[in-house]
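K.L.:
Take this structure, written in structure tokens, and hold onto it; I'll ask about it next.
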């Protein structure tokens with residue numbers, strides 16, 4: 001079968017190439033400082049008109065936290081920027097097949113995700129905090145739990161490292177060891193438990209003497 005001839009109906013005779021945009025000259029340090037000052041003034045003016053300016057993506061419980069607060073939105077945003085830079089470096093190491101780079105990248109990405117969730121929901125769900133995850137979150141008991149069966153039925157439950165209003169302090173490892181009768185060596189290692197001797201009487205086999 002002969003192929004059908006295709007005719008073009010679009011007329012591009014009047015098309016002209018777009019003009020190339022002239023590249024901007026790099027700003028000097030004085031121009032950068034002046035531009036930053038103008039931007040800061042514009043943001044202050046918008047914030048004066050609208051108190052919620054720049055806070056629409058932040059949970060209501062965090063909007064009035066002072067910048068000095070340990071988990072203020074201003075600090076957390078700075079930590080996110082730092083972790084994003086670290087994640088960028090980790091991605092380069094992954095492409096270079098550096099050992100351990102993938103695990104480090106997952107740590108940075110997970111921390112960034114948790115901080116972004118904190119700004120949205122107001123709940124900090126990560127076990128660490130700080131620009132480089134250098135601090136550990138301390139837990140506080142808000143509803144005391146109790147054993148409901150077994151020999152400890154009715155006694156309160158405690159986890160090491162958690163603050164309990166019932167105790168008025170943090171439940172420490174020393175308190176855990178004392179409660180369970182664990183003896184700790186001078187080097188900090190717990191002594192291994194000795195196996196209890198079997199006190200059951202063992203029947204002695206009668207020896208047969210040859211006559």
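FYI, it's all coordinate maths here, none of it is from the lab. The structure presented is a predicted model; accordingly, all values stated were derived computationally and were not measured. Glycine also receives a Cβ, built like all others from the backbone with ideal geometry; neighbour counts cover every protein chain displayed.
K.L.:
Arrange the following residues from fewest to most other Cβ atoms within 10 Å of their Cβ: 158, 128.
P.N.:
Numbers: 158 19, 128 14.
Placing the least packed residue first, the sequence is 128, 158.
K.L.:
Roughly speaking, what % of Cα-Cα pairs in segment 139-180 are separated by over 17 Å, rounded to a whole number?
P.N.:
32 percent
K.L.:
Between residue 55 and residue 21, what is the spin-label point distance in nm, taking each point 7 Å from the Cα along the Cα→C-beta axis?
P.N.:
The modelled label-to-label distance comes out at 3.5 nm.
K.L.:
Give me the one-decimal nm value for the distance between modelled label points at residue 121 and residue 177, 7 Å along each residue's Cα-to-Cβ direction.
P.N.:
3.7 nm
K.L.:
Could you work out the mean projected area of the convex hull around the alpha carbons of segment 49-136, in square nanometres to one decimal?
P.N.:
6.4 nm²
K.L.:
Let me ask another. Once you place label points 7 Å from the Cα toward the Cβ at residue 136 and residue 32, how far apart are they in nm?
P.N.:
Between residue 136 and residue 32, the simple spin-label model gives 4.1 nm.
K.L.:
Taking the beta-carbon count within 10 Å as an exposure proxy, list 27, 175, 115 from fewest neighbours to most. Write down the numbers at each step before the final one.
P.N.:
Numbers: 27 11, 175 14, 115 21.
So the ranking, lowest neighbour count to highest, is 27, 175, 115.
K.L.:
How far is the Cα center of segment 160-178 from the Cα center of segment 57-116, in Å?
P.N.:
31 Å
K.L.:
Report the gain in length on full extension from residue 43 to residue 97: 0.36 nm times residue separation, minus Cα-Cα distance, nm rounded to one decimal.
P.N.:
15.1 nm
K.L.:
Return 166, 65 ranked ascending by Cβ neighbour count within 10 Å, so the fewest neighbours appear first.
P.N.:
Least crowded to most crowded, the residues run 166, 65.
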